[in-house]
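Written out below as structure tokens is the structure these notes cover.
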Ligand SMILES: Cc1cc2nc3c(=O)[nH]c(=O)nc-3n(C[C@H](O)[C@H](O)[C@H](O)COP(=O)(O)OP(=O)(O)OC[C@H]3O[C@@H](n4cnc5c(N)ncnc54)[C@H](O)[C@@H]3O)c2cc1C
């Protein structure tokens, strides 16, 4: 019965002993939705040795935090997470489930939906309540329209939501909530995958853009794959990552994982430096929430200047080396 399903559940994501920021972004938005629907907001954390972090979701708006703590949950295995979370959700019966659209969330989310025989809206860029209904919003038809999706007959309504589309509120450490240590139901889990070792590889210049505080991003104006080396030098000095427009990705200058924008990744760093990027709407929707936007473009009429806090009209091959020299002086490098 649809009426049996109540409240909102956010599935938290833990990585390297910390709750990832996307969890707090989703809790902040879910609090707003829960208040509009006059319902409760819970978070479930799954991992091993995670009790210390259980109070954090409360600071961002959760009423209850369920903790599923077991050695089996570290490292992450999709089969285990999806089976355990599906059973947990089946018992809790939330009306809405929000999952981070990260590599792991994108993997276990659809498996949970299949196990519960409900639908799932993947990769949402916005969520809303309209006429009392939960509306899941995401680009459709290659990003040409924004689809508004409502699930009339299935519960729970499950959505994966992109990181950085919502801003996390400032944590309120005086907020009170309930922490519930749940015994995870491990019965009947058929694990076909065992992780023997986790080997980390770092690729030069491949720092991830989704959680970077500084992003130096390049577009067609960078001119070539080699041209991105200059941007990388600047990013390295600032401790940042290198991003790209879709054109730069389509031309094979940068990997798809670096693409900022509507059909790429949404970012909200403290500093976004757009180099040789014209500023089309599809790029801007992916970076407009950056705290400070600096644009370098040789065309004074480029639309990127309309949203830039600081604009430099000039050739990026002349401007960026000046930035680099000045930064080296300031940083004594
Ligand atoms: C459905 C759909 C989804 C899309 N999704 C995305 C997306 O996710 N992300 C995205 O970025 N785009 C996306 N696009 C593409 C988008 O419409 C633009 O084509 C793209 O963003 C333009 O990239 P650009 O700014 O690098 O290139 P251009 O628009 O060609 O701009 C290049 C800029 O570089 C400047 N320039 C040239 N040489 C120099 C120099 N030496 N120094 C300084 N400036 C210089 C030029 O003045 C110009 O302003 C999408 C399009 C569609 C239809």
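Let me know the shape class of segment 57-115, please: from the alpha-carbon gyration tensor, a ≥ b ≥ c as square roots of the eigenvalues, rounded when a/c is under 1.5, otherwise prolate if a/b is greater than b/c, or oblate.
Because its axes are fairly even, with a/c under 1.5, segment 57-115 counts as rounded.
Could you list 103, 154 so that the one with the fewest beta carbons within 10 Å of its beta carbon is first and the one with the most is last?
Neighbour counts put them in this order, fewest first: 103, 154.
If each residue of separation counts as 0.36 nm, what is the full-extension length gain between residue 281 and residue 154 once their alpha-carbon separation is subtracted?
Using 0.36 nm per residue and subtracting the Cα-Cα distance, I get 42.3 nm.
Taking the Cα centroid of segment 261-285 and of segment 214-234, what is the distance between the two, rounded to the nearest whole Å?
Segment 261-285 and segment 214-234 have Cα centres separated by 14 Å.
Alpha carbon centre of segment 132-188 versus segment 18-72: separation in Å?
Between the Cα centres of segment 132-188 and segment 18-72 lies a distance of 11 Å.
Over all directions, what mean area does the Cα convex hull of segment 275-323 project, stated in square nanometres?
3.2 nm²
Taking the chain as the reference, fit the longest principal axis to its C-alpha atoms, fit the long axis of helix 316-331 to the helix C-alpha atoms, and give the angle between the two in degrees, 0 to 90, nearest 10.
So the helix axis and the longest Cα principal axis differ by about 70 degrees.
Suppose R0 equals 30 Å. What FRET efficiency, 1/(1 + (r/R0)^6) with r the Cβ-Cβ distance, do residue 257 and residue 2 give to the nearest 0.05?
Here the calculated transfer efficiency is 0.20.
When only Cα pairs under 8 Å and 6 or more residues apart are kept, what is the percent relative contact order across segment 152-304?
21 percent
How large is the Rg to Rh ratio of segment 214-331 when both quantities use alpha carbon positions and Rh follows Kirkwood?
0.92
Return one number: the angle in degrees, 0 to 90 and rounded to the nearest 10, between the long axis of the Cα atoms of helix 103-115 and the longest principal axis of the Cα atoms of the chain.
Long axis of 103-115 versus the principal axis of the chain: about 30 degrees.
Counting helices only, and only those DSSP H runs with n ≥ 4, report the 222 nm mean residue ellipticity of the chain as the sum of -39,500 (n - 2.57) divided by its residues, in deg cm²/dmol to the nearest 500.
About -8000 deg cm²/dmol.
Could you tell me how many degrees, from 0 to 90 and to the nearest 10, lie between the Cα long axis of helix 228-237 and the main elongation axis, the longest principal axis, of the Cα atoms of the chain?
Between helix and principal axis, roughly 70 degrees.
If I model a spin label as a point 7 Å beyond the Cα along the Cα-Cβ vector, how far apart are those points for residue 133 and residue 32 in nm?
2.1 nm
Using Cα pairs closer than 8 Å and at least 6 residues apart in sequence, work out the relative contact order for segment 257-333, in percent.
Relative contact order here is 25 percent.
Ignoring solvent entirely, what values of log10 I(q)/I(0) come out of the Debye formula for segment 102-217 at 0.14, 0.16 Å⁻¹ when each Cα is a single scatterer?
For segment 102-217, the Cα-only Debye profile gives -1.00, -1.20.
Scattering from the C-alpha atoms of the chain alone, worked out with Debye: what is log10 I(q)/I(0) at q = 0.09, 0.13 1/Å?
Values, matching the q order: -0.54, -1.01.
From largest to smallest, what semi-axes in whole angstrom does segment 9-161 give when each is the square root of 5 times an eigenvalue of its alpha carbon gyration tensor?
Whole-Å semi-axes of the equivalent ellipsoid: 24, 17, 15.
Every read-out reported here was derived from the displayed coordinates using simple, explicitly stated rules and does not represent laboratory data. For clarity, every value in this text was computed on a predicted model and none was experimentally measured. Ideal geometry is used to build each Cβ from the backbone, glycine not excepted, and the neighbour counts take in all protein chains shown.
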